[in-house]
1. Quick check on segment 94-112. Is at least one of its residues assigned to a helix (DSSP H, G or I), on the phi < 0 side of the Ramachandran plot and touching a residue at least 12 places away in the same chain (Cβ under 8 Å)?
2. Of all residues in segment 136-168, which are of a type in the set (Gly, Ala, Ser) and touching a Ser or Thr at 6+ places or on another chain (Cβ under 7 Å)?
3. Report the residue count in segment 201-226 for those that are modelled with pLDDT under 95 and open to solvent by 70 Å² or more (accessible area, probe 1.4 Å).
4. Collect the residues in segment 190-239 that are part of a helix (DSSP H, G or I) and either touching a residue at least 60 places away in the same chain (Cβ under 8 Å) or over 17 Å from LYS174 (Cβ atoms) (or both), keeping them in residue-number order.
5. Restricting attention to helices (runs of 4 or more DSSP H) lying wholly within segment 118-176, give those where 1 or more residues are at pLDDT below 95.
6. What are the residues in segment 240-252 that are touching a residue at least 60 places away in the same chain (Cβ under 8 Å) and assigned to a helix (DSSP H, G or I), if any?
7. From (1) modelled with pLDDT of 95 or more; (2) under 30 Å from PRO125 (Cα atoms); (3) outside any strand (DSSP E or B), pick out the condition that doesn't hold for SER40.
8. Which one of these does GLY53 not meet: (1) out of contact with any Lys or Arg (no Cβ under 8 Å at 6 or more places or on another chain); (2) under 24 Å from SER236 (Cβ atoms); (3) at pLDDT below 95?
Amino acid sequence: MNEAKVNDDIVPRIRDYVAGRLGARDVTLELVERIAVGWSHETWLFDAVWRDGSVQRRLGLCLRRDPGNALLRHLSTLETQFKVLQCLEHTALPTPKPYWYESDTSILDAPFLVMEKVAGTCPSPWGRDGRAFYAAAAKRGVLPNSFTRTLATLHTLDWRAAGLGFLGIPAPGKSFAQREIAKWRELIAVSEHPPEPILTDLIGWLEENAPPTDRVCLVHGAYRTGNLLIHGDRVSAVLDWELQVLGDPLYDVAYVLSDLNREGTPLLSNLVDRDAFFRDYEGATGIAIDENVCRYYNALYAMRSVAFWMSASGLYASGMSNDIRLARTAYSVPDVLDRAAKELGY
């Protein structure tokens, strides 16, 4: 791809930065692409190519830049994401290798991180092509097992030894759920959205019924197809480290079980047979899936989704973002609240 066609300004500056970091001369960027995935940060993929004596070197890289007006901007920083990837680099969980983080805005006008460009594809589960991709993979049977095994690896890694305690360790009891409620209440507040009676009722129910837990593991927060790179019918990398917390592993399990993450199929995350998921996850982790607790977390995800969409639509309405996708999210708020009302017995 011609650099000028991608961006007349940013790509040469990325090239100069990478060349300095590599200590190499005559670095060129090839296969430059800004990908339209995710709503939190700009994402660029490219290969850095240079000569080391008589040998040509090539390094695939992914750069994520903070545009300053992103969804979750109050809750997730690139610096934290970079630290998480550093901690995970030497664990069994497949994640991109982190290279550099920069807070100096004079380099690319905003903070950014650079990490490995991992081989694989990441089909969206919301589109027709993505659903067809996962349906075909489900029939072959390899990817569903990899999906579940990777989640089990995530939930059984030694987060203390990995140095992830900086994420904040919840106290035993109801602390984990209470902290999540407070987090999403804050995002709702900064969105300045008019009050929603059903949402108020939902938050009250969540506060009254928070489940206790003494289990603490690394929780991804959005473990599903679309946030995983797939290569050779296996998960090659877990992506989107923006919502991770230390807490109850069933928070992730509930997300996998949620019908919000599958459309027109009984397959979890458009990929995994429910019975097989229960069998393989419980067998690999030793953690029994309590469906009552998962139902609670599913209600908490409804609150979180409303917080997302209120924040997203507010960014567009305020003029902070011109991403038309954010404007469309306003229509998702009543749909999620309608589901929540039915769960609450309205």
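The values are calculated or read from the model by the stated rules, or taken from the named source; none is laboratory data. This structure is a prediction, so every number in the text was calculated from the model and none was measured. Virtual Cβ from ideal backbone geometry, glycine too; neighbours counted across all protein chains shown. Remember, those area values only see protein heavy atoms, side chains included, never the ligands or the DNA or RNA. Shrake-Rupley method; radii C 1.70, N 1.55, O 1.52, S 1.80 Å.
1. Yes, segment 94-112 has at least one match.
2. Hits for segment 136-168 are ALA152, ALA162.
3. Adding up the residues that qualify gives 2.
4. Of everything in segment 190-239, those that are part of a helix (DSSP H, G or I) and either touching a residue at least 60 places away in the same chain (Cβ under 8 Å) or over 17 Å from LYS174 (Cβ atoms) (or both) turn out to be VAL190, SER191, PRO197, ILE198, LEU199, THR200, ASP201, LEU202, ILE203, TRP205, LEU206.
5. 128-140
6. TYR251, ASP252, listed by residue number.
7. For SER40, the exception is condition (1).
8. (2)
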